[in-house]
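A.B. asks: Just passing along the structure, written as structure tokens.
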Amino acid sequence: MNLRAATSADLELLRHWDEQPHVVASDPNDDWGWEVELDRTYDWREQLIAEIDDRPIGFLEIIDPAREESHYWGECAPNLRAIDIWIGEATDLGKGYGTQMMQLALARCFADSAVTAVLVDPLASNIRAHRFYERLGFQFVERRQFGADDCYVYQLDRANWQIDPAIAPHPLP
Ligand SMILES: CC(C)(COP(=O)(O)OP(=O)(O)OC[C@H]1O[C@@H](n2cnc3c(N)ncnc32)[C@H](O)[C@@H]1OP(=O)(O)O)[C@@H](O)C(=O)NCCC(=O)NCCS
């Protein structure tokens with residue numbers, strides 16, 4: 001698996017994934033504004049496509065929540081990252097791809113030695129996602145309303161990050 005930058009060439013693919021019931025269920029109220037956002041580059045955001053043998057299978061966004069412009073996360077400490085993730089096609093769910101994507105994303109986040117922790121905000125109703133994050137070492141922080149979304153905030157501190165040796169054979173600082 002590899003991660004590459006999402007570009008405007010991914011517009012139709014991302015729109016198609018947006019319509020899949022498991023994606024809608026996990027994020028019913030957001031409009032990602034792909035036609036505008038895929039052409040924008042910010043130093044506080046990465047929008048990434050995960051590929052297996054050149055086949056795109058999922059999407060990841062990593063932001064610095066303190067610097068993200070809409071201040072979605074509110075007042076935030078510096079040196080955090082927040083991740084959004086989904087697998088595109090239902091046939092690709094439950095095959096370990098999401099775990100691999102998160103391991104690559106976490107390695108990317110913590111490769112910056114200033115980064116202390118990573119946040120995620122699954123819907124309170126998305127119990128399978130809670131389990132997914134807990135297995136990766138994330139700890140529940142609080143239940144929080146983000147706009148119309150009732151969410152659980154989870155955090156993975158650097159100290160609780162279990163480095164996957166297949167991804168980071170040499171421990172990062
Ligand atoms: C969450 C997600 C990225 C995990 O990727 P994955 O490749 O399916 O997961 P893995 O195979 O690595 O691990 C399996 C675990 O993923 C979670 N999972 C599987 N299908 C899921 C689904 N439709 N929705 C949410 N979580 C799911 C479960 O915890 C599952 O473990 P379980 O079978 O014991 O319940 C993926 O399931 C997904 O895209 N779900 C829909 C979107 C979503 O919920 N994103 C997270 C929002 S914060």
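A.B. asks: Scan (1) within 13 Å of the ligand (Cβ to nearest atom); (2) polar (S, T, N, Q); (3) outside any loop (DSSP other than H, G, I, E, B); (4) farther than 21 Å from ALA6 by Cβ for the single condition THR99 breaks and write down its number.
C.D. replies: (4)
A.B. asks: Working only within segment 102-130, note down all residues that are aliphatic (A, V, I, L, M) and near the ligand (Cβ under 9 Å from one of its atoms).
C.D. replies: MET102, VAL120, LEU123, ILE127, ALA129
A.B. asks: Specify which of the listed residues (PHE59, PHE110) is in contact (Cβ under 8 Å) with a residue 40 or more places away in the chain and either farther than 27 Å from ASP150 by Cβ or loosely packed, with under 11 Cβ neighbours inside 10 Å (or both).
C.D. replies: PHE110
A.B. asks: Take the residues of segment 31-51 that are surrounded by fewer than 16 Cβ atoms within 10 Å (Cβ to Cβ) and touching a helix residue (DSSP H, G or I) at 6+ places or on another chain (Cβ under 7 Å): which is farthest from GLY147 (Cα to Cα)?
C.D. replies: Ranking the candidates gives ASP39 first.
A.B. asks: Is it true that some residue in segment 138-160 is over 12 Å from the mean Cα position of the chain (by Cα), in a loop (DSSP other than H, G, I, E, B) and at pLDDT below 95?
C.D. replies: yes
A.B. asks: Let me ask you something else. Of everything in segment 113-162 that's over 25 Å from ASN29 (Cα atoms) and free of Cβ contacts under 8 Å to residues at least 24 places away in the same chain, which residue is surrounded by the fewest Cβ atoms within 10 Å (Cβ to Cβ)?
C.D. replies: ALA159
A.B. asks: Right, next: Quick check on this structure: which one of ILE57, ILE83, ILE63 is more than 10 Å from the ligand (Cβ to nearest atom) and of a type in the set (Val, Ile, Thr)?
C.D. replies: Checking each option against the conditions leaves just ILE63.
A.B. asks: Turning to a different aspect of this structure: Right, PRO28: loosely packed, with under 12 Cβ neighbours inside 10 Å and over 15 Å from PHE132 (Cβ atoms) or not?
C.D. replies: So PRO28 fits the description; yes.
The values are calculated or read from the model by the stated rules, or taken from the named source; none is laboratory data. What you are looking at is a predicted structure, and each value in this text was computed from that prediction instead of being measured. As a convention, Cβ positions derive from the backbone with ideal geometry for all residues, glycine included, and neighbour counts pool all protein chains shown.
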